[in-house]
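Novice: Here it is: the structure, laid out below.
Every read-out reported here was derived from the displayed coordinates using simple, explicitly stated rules and does not represent laboratory data. Being a predicted model, the structure only gives us computed values, none of them experimental. In this analysis, Cβ positions are derived from the backbone assuming ideal geometry, glycine residues included, and neighbour counts consider all displayed protein chains.
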Amino acid sequence: MKCPFCSHLGDKVVDSRESKEGDHIRRRRECNQCGRRFTSYERLDEIQFMVVKKDGERELFDRQKLMGGILAACQKRPIRPLDCQNIVNDVLSILYEKPDREIETREIGTIVMDRLKELDSVAYVRFASVYREFKDVTEFIGELQPLIKEESKAKS
């Protein structure tokens, strides 16, 4: 592993830890030349998946892009980053089950909205407002009304 400080290629691993989910390994390394420590992450090389967009265009599935959208919807809400990561993992699990390695953005959006709806109604509405591209306030209110009814029932 190339040292990020001095670019030397020799190092030793001083600590390794597997994540709780088991999807990556964190390694603390020490450069043999400058002695500084740095962290690397080892993740299984995943099969590339394609996302079919609304206009039919295809692009590579980007885990970070999906995570960024979810985190934006959850900003300043009482949702743990681990919950957001679990939503991304749910999408990936569904992708791994598909024989053709393609998924439509509509399907991804539905999965994310279903999970966010369970976690936090505000995050759900934020994500839905961007994903569904509401044309006007009437469409937005139409999305809110079932949530308001659910909240009322829960409080009763």
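Novice: Give the Kirkwood hydrodynamic radius (Å, one decimal) of the range 47-145, defined as one over the mean of 1/r across all pairs of different Cα atoms.
Specialist: 14.1 Å
Novice: Taking the Cα centre of the chain as the origin, how large is its charge dipole in debye, to the nearest 20, when only Lys and Arg (+1) and Asp and Glu (-1) carry charge on their Cβ atoms?
Specialist: Charge dipole, the chain, about its Cα centre: 820 debye, nearest 20.
Novice: Sticking with this structure for a sec: Given Q33, V51, L66, which one lies farthest toward the positive end of the charge dipole of the chain, if we put +1 on the Cβ of every Lys and Arg and -1 on the Cβ of every Asp and Glu?
Specialist: Q33
Novice: Among K65/K98; K76/K117; K117/K149, which pairs are too far apart, with a Cα-Cα distance over 18 Å?
Specialist: From K65/K98; K76/K117; K117/K149, over 18 Å: K65/K98.
Novice: Report, in whole Å, the centroid distance computed from the Cα atoms of the range 99-152 and the range 15-85.
Specialist: Here the two parts' Cα centres lie 24 Å apart.
Novice: Oh, and also: Based on DSSP H runs of at least 4 residues, each adding -39500 (n - 2.57), what is the mean residue ellipticity at 222 nm of the chain after dividing by all its residues, to the nearest 500 deg cm²/dmol?
Specialist: The helix contribution divided over the chain gives -15000 deg cm²/dmol.
Novice: Using the 10 angstrom Cβ neighbour count as an exposure proxy, how do L116, L147, L95 rank, fewest first?
Specialist: In order of increasing Cβ crowding within 10 Å: L147, L95, L116.
Novice: Using θ = phi - 60° and the Karplus curve 6.51 cos²θ - 1.76 cosθ + 1.60, what whole-Hz ³J(HN,Hα) does each residue of the range 54-65 get, with Gly and Pro shown as x?
Specialist: My calculation for the range 54-65 gives 4, 8, x, 5, 10, 9, 5, 5, 10, 4, 5, 5 Hz in order.
Novice: Under the definition of Cα pairs under 8 Å and six or more residues apart, what whole-number percent is the relative contact order of the chain?
Specialist: The normalised contact order for the chain reaches 14 percent.
Novice: By its C-alpha gyration tensor, with a ≥ b ≥ c as the square roots of the eigenvalues, how is the range 98-156 shaped: rounded for a/c under 1.5, else prolate for a/b larger than b/c, else oblate?
Specialist: Oblate, since a/c reaches 1.5 and b/c is not below a/b.
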